[in-house]
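This report concerns only the one structure given below.
The values are calculated or read from the model by the stated rules, or taken from the named source; none is laboratory data. Everything numeric in this text was worked out from a predicted model, so none of it was measured. Using ideal geometry, Cβ is built from the backbone for each residue, glycine included, and neighbour counts are taken over all protein chains shown.
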Amino acid sequence: MNSPYAAQPLLPSYPSAPLPAPGGLPTGQPNMPMSAQGGWLLPNTICPPGLEYLMALDHLFVQQKFEFGYEPKHEYHVLNIRGEPVFYATEQSGICGRWCLGTYRSCEFQVIDGTRREVLRMIRPFRCDSCCCPCCPQELEVYSGDTLLGSVSQDWSIWRPSFSVRNAAGDTVLKIKGPWLKFCINVAFKIKSADGDHTVGVIQKEWSGAVREFFTDIDNFGIAFPLDLDVKIKAVLLGACLLIDFMYFDSNRRVGNTL
C-alpha cells in the first residue's frame, strides 16, 4: 500500500534545526523521572495501538499542508526530529461550518500512520470564543478508537492564552501558557507542570517566511516534551498544537477575535 506521504513534498529545512530542550532537558537523551517536580504521575506502561513510536520521542514537528480554496480543510504532516513522517492529520468537517463559522467550527481530526491506519481521533466541538466571556472555553478531546486518552481545554484569561491538559479521568496533569503578545517570529506556548512551577516543554510556532506568513495560513510548529511523559499525554499535546493553530494563527475567522 502506498504511503499517504509519498505525494506530499516535505520542507527539507524545517526540522533540521531542533528546538532547544526546554527547562534544560537534553534533546534525545533519557530524561530523569519527574513525577515529583514535574507534576504528573509516573508514565503508564499501557500504550494505545499505533502510538508505540511516540514512546521514544521527545520532539515532534507539525507542518501544515498548503491547500487552495476558500477556508479549506486543515491537513498536517507530523514529523520526527529527522524530518521523517510519523503521522498525518486531516480535518473532517462540513463546508457550511468552514464557511460560516471559520476557525470556531466543530470538527474532527483523523490521525493516521504511514500504513493508513487510524491511530488517533480528535474531536473539537463548536465554541464561540471571547476573552470577556468565560462560559464557552475552547476544548478538544483525543481518542484512540473509542477510548478517551485525555483532553485540552482553554482556561479563561484576559491577559494571555492558557490551557489545561487533562488525562482520561479529567485530572489536570499539565498547563500550557501562551505569550503575553502575539509576535511574528517563533511564538512559544510553554508547557508547565500542573502546579505551574516548572516549565517542562514548549509548543513553538516557527517562522515560515514572509510570503507564507502574510499571504497564507500555513503554519509550522515544534513540540518538545519530556521523554518519560505518558504517551497518551504526548498525543494530547499534539491535539493541543492543532487547537492552538486554529485559535491563534488562522486568519480566516468568522466569529469574534481571540488574540
**Q.** Unmet requirement for Gly50, which otherwise passes all of (1) at pLDDT 90 or above; (2) touching a helix residue (DSSP H, G or I) at 6+ places or on another chain (Cβ under 7 Å); (3) of a type outside the set (S, T, N, Q)
**A.** (2)
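Residues checked against (1) modelled with pLDDT of 90 or more; (2) of a type in the set (S, T, N, Q); (3) surrounded by 19 or more Cβ atoms within 10 Å (Cβ to Cβ):
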{"position": "Gln64", "(1), (2), (3)": "no, yes, yes"}
{"position": "Gly69", "(1), (2), (3)": "no, no, no"}
{"position": "Val78", "(1), (2), (3)": "yes, no, yes"}
{"position": "Arg98", "(1), (2), (3)": "no, no, yes"}
{"position": "Tyr104", "(1), (2), (3)": "no, no, yes"}
{"position": "Leu120", "(1), (2), (3)": "yes, no, yes"}
Q) For the range 193-216, which residues satisfy the criterion of being surrounded by 12 or more Cβ atoms within 10 Å (Cβ to Cβ), assigned to a loop (DSSP other than H, G, I, E, B), at pLDDT 50 or above and not aromatic (Phe, Trp, Tyr)? A) Ala194, Gly196, His198, Ser208
Q.
I need the full set of residues from the range 141-162 which are modelled with pLDDT of 95 or more and within 13 Å of Ile244 (Cβ to Cβ), in order please.
A. Val152
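Within the range 225-252, work out how many residues are of a type in the set (A, V, I, L, M) and more than 16 Å from Val173 (Cα to Cα). Give the steps one after another, and end with the answer.
To start, the set of residues in the range 225-252 that are of a type in the set (A, V, I, L, M) comprises 227, 229, 231, 233, 235-238, 240, 242-244, 247.
Checking which are more than 16 Å from Val173 (Cα to Cα) leaves us with 242-244, 247.
Residues that pass the stated criteria total 4.
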**Q.** Hits in the range 147-163 - residues which are crowded, with 22+ Cβ neighbours inside 10 Å and within 16 Å of Leu51 (Cβ to Cβ)
**A.** Leu149, Gly150
